[in-house]
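For reference, the structure discussed in these notes is given below.
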Amino acid sequence: MTEDRVVNDDDKLQMSDNDPLNAEHAAAEEEQQERAVSAMDNRQEKLNCLHGFLSLRRMFYLVGYSVGRYPHAYLVVALLISINSLGMYRMVLKDRIRDGYTPTNAPSRYETDVLREFYNISGDPAMTIMILMPKNGTTMHAKENLDEAEKLSKFFLNEFNGTRDGRVLRFSELCEPYCQINKVFELYKNAFDDQYKLWTNEKSISKSTNLSYPLATMNGFDIHLERSLFGVELNPKSEDNTTDLALDLPPHRVITNMKHVEVIVFIFRGDRDSAEKEKDLSKWELDAYEWSLNEYKSDIVDVQIVGTDVLDNEMMKDGRRLTPFFAAGFGFEITFVSLCVILTAVYHNCLDQGKLLISLGAVLCPILAITSTYGIVSILGMRTNSFMLVMPFLVMGIGVDSCFLMIHSWQKERRAQESGTGNRLGMVYESVGPSITITSLTDFLSFAIGALAPTPETRLFCIASSIALALTYILQLVLFGPILAVATKYEHKTTSTNNSKWRAWLKACWKRCINIYCKILSNKLFAVVVMIGTGIYWYFAIYGLMTMKTRLDAVKILPKDSPLQRPNLVLTNLVWANYHPVTILVNAPLDLENRQQMTRYWNMVDEFERMHNCKGKASTLLWLRDYVKFFYYGEPFDLFAFLGLSTPEVHEEIDPYEANITTAKLPEFLKSPFFKHWDSFIHYHYEEGKIKLDRFMMNVAYDNTSSWDTRIQLMTDWRKVAHNYSDLNVTVWEPNGMFVDQMLSLGRTATQTGIWTLVCMAVVCAIFIPNPCSIITATVSIASITTGVMGFLSLWSFDLDPVVMAAVLMSIGLSVDFIAHVAYHFQLAHRKEIRNGKIKKIPLKGSTERLEHTLGAVAWPMIQAGVSTICCILPLLFRASYSPSVFVAAIFLVVTFGMLHGLLILPTFLAALPESVTTANCYRVFLSSSSERSCRYVPRRDSTNSIEMQKMERKDPLLNN
């Protein structure tokens, strides 16, 4: 067929020689064929160029090339991003300790909503707790101390004035419907004064009043003293089980059965039913707290005030105290970065004023990212919590790491200076861009996944951290890259770096050390030793992880020098140890005449009162028991017995299961001066002339609940009982329920977040690293580092709480920086250099040579990054506070374990694997334009070859022979 075509072409040539028209036609046809060939060549060239652009490294080269050519344009972009920092003027510093660390889907949130619906309020009640303790070894139930306590209670309710926006805040105007919440103490104090007056006048004390702890009786009316008095020690009893009182005892020991009272507690409670009232209550509490610290002076009574707003304020104060430590860390870091840049420049014989610009640029990127993040968060209307004040240390540590890699690569490519700044920055971006993108993207994703956590405070911290890390990466490309381009203009034209013997000697020593170290890593026996050491490390890490306890301890979270430390200990060791109430709401209508339903109800009450740690039915606040007595016997007050004219009548105890009662006397019951306080416990309505109960609540008291384990177990049991009586629609609300749910959710949330973060990191590594073995080993290494951090934090006596959980999320992100660079560089099949103005590819053969290339590219920058991170957090060691100590410990462990994995364990393991496994490149198989299995495969065109052959045949007739 070819011969026929050649003959036909010869005929055409002969005909063209004989006929001018034919010759002109042949020339036109040949010109048309040449145009077709040229057009096809241009299309093929453009297609190949497009395929080159689709290469990841080529894309980074183009970005770097444009940065090098137009640095000032990118600096304008960086300036526009940094303008967001101006939003910091709207920053709001506030913590939400009470519910901020509770998952949004926690049962306690539903329980709180049910309580709000019962009280018909929109927000949580504001509760300020006043703790009164005696001085000079006295007791709080002594007469002078009780007088002072009464004076303080009335003063804070009616006289103390807070101020907000020029308005006077008085609690008596904010307390509805809880203004009488301290009525128990008022009744006790009035009865005590009456008895004290009789005693001091040498008269017999009233028999109708019995001021015994925990249940006092006044004229047949019971008062639960355990709601106000704590740390009570009773008078000793004689052999006949009666109180042994001597005539010389002080009056308070004769009038009551109490020998010593350590604490009196007052509660000031109000509803946050509007945004303005919430601010008023918060400001009043803070003003009262400051008054108790700075203005109140007493020789007999010590006053301490605790509340959620006070606690939030103390946490924010502690966060603001980190400012000088951040400044010191910034100073240490910029000093270290400058020192590294200058020494490296001296080593390369290229020291100039541009190196100072590079040093400033390396730390300027994370600083602008931090300020811009605070500005963006504030502009979006989000508050800044205490966790977010620790975020700068994290971002500074991570942000400078990538700059070290860029500086190292920029110095290595100095010989490309003659080929132009664009080519030099292109080579830098091509060399470090993918690995920097891996670390930055995985850092961003680790916190972005944490931002999906159901705990609001952790979510805020993760949102701010993810924004800051994303901005750091962007600024490294659009700010630090242009700074390198500008600094290039200050470099000397000479490219010689070997004009000094010490430089040559130092370079040779470094290469020799790398070579020897890589040979050691490639040794099979050494690999076995490393694997054994890794196994021992895993044992301790997993053991620590399995033994980590879940605990939220306010003593640790509060600053050690906080004034709240003492009242927190009092609440934990005295108040909760003696009296821990739980509110039980029955939300289904209850028919008092339905014997079956009433039996179910009393069985439920019995189950709550038979639980471990329950103080018994005497401590239960249950309106229905009083109503049964009222229904049968009427008012408990007997005027003749009160006047001493008769003996108080003792009524027979009524079995509630057998009681035949109706709601007919309920209005009369709630109007009684002895029982009207039950009105807030009951909701009812009239239907066809009869009273129908809609819902009501009761309180059951427990003791010895200082341990979080005990509270968690009790909460679990309470909810189980409530679930068993779902026909009554029972809901249990406990004041610390949200804190308990924090404990219950922390382990699950940490596990889920960690798993999802690892999965996303594996996906990111798969996008940028074409070798499956490198992806798997990198993911396992990240998991190993994270497990080690959590395990050793546990071995260092840190418990799993919201602070540790945030530190773990940070650890996952930081660990990638030490792994991704090694995994990326080791799987490369060649390295690139610029020689004589041209880019040359140099193949890498064997595991040892690839190890030398990998460690030569990342070892020194990795060491610099680790040391700079430690320098940044070093000042926090001098801040005696819990949250900074957790982050310091976590960062130290991440840097230590990260460098061990990145420089020892991972390289050793990769070197021990077959080369065919570690060099397999999925992209070459499935994305290369020369692979037939690739989606980018472009076959050679036969028509083009035929046309080229025709052209060659016409030019050289000898080809026909």
inquiry  = Per 0.36 nm of contour for each residue apart, how much would the distance between Cys509 and Lys665 grow if the chain were fully extended, relative to their Cα-Cα spacing?
reply    = 46.3 nm
message = Along the Cα→Cβ direction, 7 angstrom out, place labels at Met382 and Trp756. What is the inter-label distance in nm?
response = 1.5
Protection proxy ranking, peptides 342-355, 432-445, average beta carbon neighbours within 10 Å, highest first = 432-445, 342-355
remark   = Here the FRET efficiency for Asp302 versus Gln180, based on Cβ atoms and R0 = 22 Å and rounded to 0.05, is 0.30
note = In the neighbourhood of Arg719 defined by beta carbon distances under 14 Å, the net charge of the other residues (Lys, Arg +1; Asp, Glu -1) is -2
ask   = Which one of Val732, Phe675, Thr662 is farthest out on the positive end of the charge dipole of the range 565-740, using unit charges on Cβ (Lys, Arg +1; Asp, Glu -1) and the Cα centre as origin?
value = Val732
inquiry  = At 0.36 nm per residue, and after removing the present C-alpha to C-alpha distance, how many nm does the segment from Arg57 to Arg320 gain when stretched out fully?
reply    = 90.3 nm
task = Largest first and in whole Å, give the semi-axes of the range 742-783's equivalent ellipsoid, each being the square root of 5 times a Cα gyration tensor eigenvalue.
result = 27, 9, 5
ask   = Dipole of the range 121-306 (Lys/Arg Cβ +1, Asp/Glu Cβ -1, origin at the Cα centre): which of Pro134, Leu281, Pro250 lies farthest to the positive side?
value = Pro250
key: Label-reachable residues, the range 337-351, where backbone N falls under 20 Å from a point 7 Å from Phe878's Cα toward its Cβ   = 337
query = Stretched out fully, how many nm does the piece from Tyr110 to Val721 gain, at 0.36 nm a residue minus the Cα gap?
reply = 218.3 nm
query = Tell me, what is the FRET efficiency for Trp502 and Trp796 to the nearest 0.05, using R0 = 51 angstrom and their Cβ-Cβ distance as r?
reply = 0.70
ask   = Distance in nm between label sites at Lys489 and Asp165, each 7 Å beyond Cα in the beta-carbon direction?
value = 5.3
note = One finds the C-alpha centres of the range 330-378 and the range 175-197 to be spaced, in Å, by 66
request  = Have a look at the range 121-306 and give its Rg and Dmax from the Cα atoms, expressed in angstrom.
outcome  = 18.5, 64
request  = Between beta-carbons, use under 13 Å as the cut-off and find the net charge around Thr439, counting Lys and Arg +1, Asp and Glu -1.
outcome  = -3
ask   = When the dipole is taken about the Cα centre of the range 565-740, and only Lys, Arg (+1) and Asp, Glu (-1) are charged at their Cβ, what size is it in debye, to the nearest 20?
value = 580
task = Count charges around Pro214 for me, please; just the other residues with Cβ under 12 Å from its Cβ, Lys/Arg as +1, Asp/Glu as -1.
result = -1
query = Taking a label point 7 Å from the Cα of Leu452 along the Cα→Cβ vector, which residues of the range 739-776 have an amide N closer than 12 Å to it?
reply = 752-761
task = Any chance you could check the Cα centroid distance between the range 545-614 and the range 464-478 for me, in angstrom?
result = 45
query = At Leu86 and Asp591, where each label point lies 7 Å from the Cα along Cα→Cβ, what is the point-to-point distance in nanometres?
reply = 7.0
task = In whole Hz, with x marking every Gly and Pro, tabulate ³J(HN,Hα) for the range 467-474 from phi via Karplus 6.51 cos²θ - 1.76 cosθ + 1.60, θ = phi - 60°.
result = 5, 4, 5, 5, 5, 4, 5, 5
note = PRE zone check, label point 7 Å out along Cα-to-Cβ of Lys277, amide N under 12 Å, scope the range 154-178, hits 173-178
inquiry  = I'd like the distance between the alpha-carbon centres of the range 862-878 and the range 668-710, rounded to an integer number of Å.
reply    = 58
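Quick note: the coordinates plus some simple rules give every number you see, no bench work behind them. For clarity, every value in this text was computed on a predicted model and none was experimentally measured. Ideal geometry is used to build each Cβ from the backbone, glycine not excepted, and the neighbour counts take in all protein chains shown.
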